[in-house]
Structures are given as C-alpha cells and as structure tokens.
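Working notes for the structure below.
The values are calculated or read from the model by the stated rules, or taken from the named source; none is laboratory data. Predicted model only: the values in this text are computed from it and were never measured. Please note: Cβ atoms are built from the backbone with ideal geometry, for glycine as well, and neighbour counts cover all protein chains shown.
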Amino acid sequence: MERTDKIYGLAALFDSPDKIIHATESVVKEGYKSFDVHTPYPVHGMDNAMKLKPSTLGYITLVFGLSGAAFILLFMYWTMSVNYPMIIGGKPYFALPAFIPVTFEVTVLLATLSTVIGMIAFYFKFPVNAYPLNETNYMKAVSNDKYGVFIKSDDPKFDESKIRVFLTSLGGTNLELVYDLKKVTYDPFSPRFISVLVGVIIVVSGGTYVSLNKAMYLPPFNWMEYQFRGNPQSSSDFFSDGRVNRMPVKGSVARGFIPYEFTGVTLPENPLPNPLPVDEKVLQLGKRKYLTFCSPCHGDYGDGDSRMRGQFPNPPSLHTEKLKTWADGLIYHVIVNGQNVMPSYAHQTTAEERWAMVHYVRALQLAKNASEGDIDRFNKEFSANGK
Ligand code: HEC
C-alpha cells in the first residue's frame, strides 16, 4: 500500500491490560477526542475508560423493525381486506390476532437484516477495506500480545512532539508515526473494465437463457408447459358462456354418495325401507347422533321436552300413535327435508347415521310402551345370553 506524507496519527504500545486502561484514562483526561485503543482481546472496563457512548446501531434496528411491522400490516390489510377480501372462519377481514405471527416474523426479519447490513455498510464502510493502520508494526503487535493507543491527527489537540512525551510518560513504547494511505481510485469507465463487465453479462445471461429455456426443453421433455387447459377463475372462449369452471352435469352424483330421491316436505307415498340391521353397534351410533342432533328439541327420550327454553317451538312427542305407526322411511324423510319449522339435518348427518337414528327412535318408543310380552321377550333373550 502506498502512503502519502500526510500524518494519520501516532501510536504507542503498552505491555499489560492495567497499563492500557490507565493510559486510556489519561488520554481521555488530557482531552483527546479522536483516538482509538487496540487490544488482542476485549479488555474488561475499556468502554468506561474510553467514555464510549452507547452504539447508535440500535436506531437502525428500531427504524427498520417498525417499518417491517408497518409494511406487512399494510400489505395484509390491502390483500385481505381491499384487493381480495375473503371471509375466513367468520372473522372480520382485518383480523389482527391472525396477523400477529406474520407481523412478528417480518419485524424480526427486517430488524436483524438491517442491523447486520447497517453495521457492515455504515460503520465498517464496506466496500472500503483500506485502513492506514493495516500493515503497520503497531497493528501486528496489538493483534498478537500488546495493547496499543492510537491518537489521530484530526484531533484538535494533536501535536506530535507533545504526544510523544505524554505517551512515553505513561509507559508507552515503540512509538510509531503512521502516514495516510494514498487514495486509489478505479475508473468505472475504463475500456478494460467495461469489456470484462459486458463479457460477464453475456456469458451469464446467455448461459442461463440457453440452459433454462432451450436445453431443458429438448425432446422428449416439454415440462407440460404447453397444454390445453383452463386456469381456475379465468375466462374461456371455448365454451359459449365464457366460463372455464363448468357446472356439474345435471344428475351428477358424488362418489360414494347415494342421493335421496324425495325432496320437499311432502311425505313420500312409498317411503324407503330401513337398510340397517338392528344391532348394538347401530343402536349406539343412533343414540350418539340422536343425543347430538335431536335431543335439544325433542328431549333425551323423545317426549318433546325441549331444552331450548322457549327459544324454539316445542316439537310434539315422538311417542304418539301417529309416529309409532309411521314407516321408518317417513321419519328418515323428516330428518332429510325437515318439517315445517324443523330444519333439515341432511348436511350434518350421513345416510347411515340417519337410519341409525330412526332405529334409536324406535328403541325409545318400545322402551316407553313395552307390553308384558316385550318384557318376557327381553328377559328371555338376556338370560339366554347370560347377561
Ligand atoms: C330445532 C329443534 C329440532 C330439532 C333439533 C329436531 N327437531 Fe324434529 N321437530 C321439531 C319440531 C318443532 C317439530 C314439529 C314440526 C311441525 O310443526 O310439523 C318436529 C317434528 C319432527 C318429527 C315429526 C313429528 C310429527 O309428529 O309430525 C319427527 C319424526 C322429528 N321431528 C324427528 C327429529 C329427529 C330424528 C331429529 C334429529 C335428527 C330432530 N327431529 C331434530 C324440532 C326439532
């Protein structure tokens, strides 16, 4: 590195951490402002001795952290409340609690990145890495086993001969006068630089283009990029109504789903038979679903003793002569289509669950109106099973 004859500062070495702390305190007391201390490892108490103020790096962190929070909140507000509002789980468009995790992450992201980049760019002055103390005997010593003080020539009190006496009196040795570096500038428009730059641009972009757009699409690969298709929610002039998304063909049935043919509240003349056998599993399923969906209004035992406290009209009992003689398919019909004020339970229950509930209603009816014969039959069956 070439140097000018302009003095950059004066450096002195010290032998022990005690001496460097003492020397630093004296330099501060003497009124020097533009100085620095170099030690091979962090020396405890040095911040106080140098009377260093807290770093200003935190302000960069604060500003960028707050900008991150503001940006992402605005972004989510715009996308989710203005540009494409969607109701998610019945929440308001601007659902702050749901936005907190993302806001937190972006705040942390911007704060940390700006801290690191800010430190390197503003404080270390990247990309400049030339520093007059580099390659001096002083720097070799303080990065090994010595402790050093360096007073810069831009200090208002800088006077070489006075500082020499002063530092020597503190125990300083190996005093070294450091000269400023010659400023090296590079011409960004020099033909050599420009031609290398253009060469790099051509090679990189050409190589990328050929490999990603040509080489990777050589037969037999076309990556399905070109195909006849319609993207969701886009338009199409292929269909006369201009829509890509088609309505299901009339009469389409979802897989594994058997449609119920009788719609509307009118009771069917030929109701479906109950396809399920009566066994313990079916009755347990029917009981569970009945207690979930029917008991709030019809009561746990079907007596019509609603738990709704007058918020919904009480239904009739399920133990009437009418219902006892109704076919299974009619009760099923009421569950699917509802009846007058009773709503449909088609969307909450599957066909199997509905038929199981019908069996359970039958069990309730039997339990409430058991005849002598039924009781005998019950006792016989259960004693035969040893229960
Ligand atoms: C929200 C309250 C409510 C719920 C829940 C409810 N029902 Fe009803 N249900 C009624 C009302 C009220 C009536 C009487 C409707 C009318 O006026 O025709 C009724 C009528 C009926 C009838 C016809 C009774 C008759 O005599 O005409 C049957 C059968 C029935 N419900 C079965 C069920 C089953 C099975 C469930 C469970 C899937 C169920 N209900 C759930 C309120 C309810």
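If I filter segment 281-298 for residues that are free of Cβ contacts under 8 Å to residues at least 24 places away in the same chain and of a type in the set (D, E, K, R), do I get at least one hit? Talk me through it step by step, then tell me what you get.
Keep residues of segment 281-298 that are free of Cβ contacts under 8 Å to residues at least 24 places away in the same chain, which gives 281, 284, 288, 291-292, 295-296, 298.
Of the ones still in play, those that are also of a type in the set (D, E, K, R) are 281, 288.
The answer is yes; a qualifying residue exists.
Return yes when residue 41 is farther than 24 Å from residue 161 by Cβ and among the aromatic types (Phe, Trp, Tyr) and no when it is not. Criteria met by residue 41. Restricting attention to segment 319-340, does a residue exist that is without any contact (Cβ under 8 Å) to a residue 60 or more places away in the chain and at positive phi? There is no residue in segment 319-340 that is without any contact (Cβ under 8 Å) to a residue 60 or more places away in the chain and at positive phi. Among the residues of segment 345-378, those identified as closer than 20 Å to residue 266 by Cβ and near the ligand (Cβ under 9 Å from one of its atoms) are 345, 354, 358. A search for C-beta distances below 8 Å between a residue of segment 126-139 that is in contact (Cβ under 8 Å) with a residue 24 or more places away in the chain and within 12 Å of residue 181 (Cα to Cα) and any residue that is hydrophobic (A, V, I, L, M, F, W, C) and assigned to a helix (DSSP H, G or I), counting only pairs 6+ apart in sequence or on different chains, returns 133/139. Name the one entry in 293, 312 that is surrounded by fewer than 17 Cβ atoms within 10 Å (Cβ to Cβ), in the same structural domain as residue 350 (by TED's automatic domain parsing) and within 14 Å of the ligand (Cβ to nearest atom). After ruling out the rest, the residue left standing is 312.
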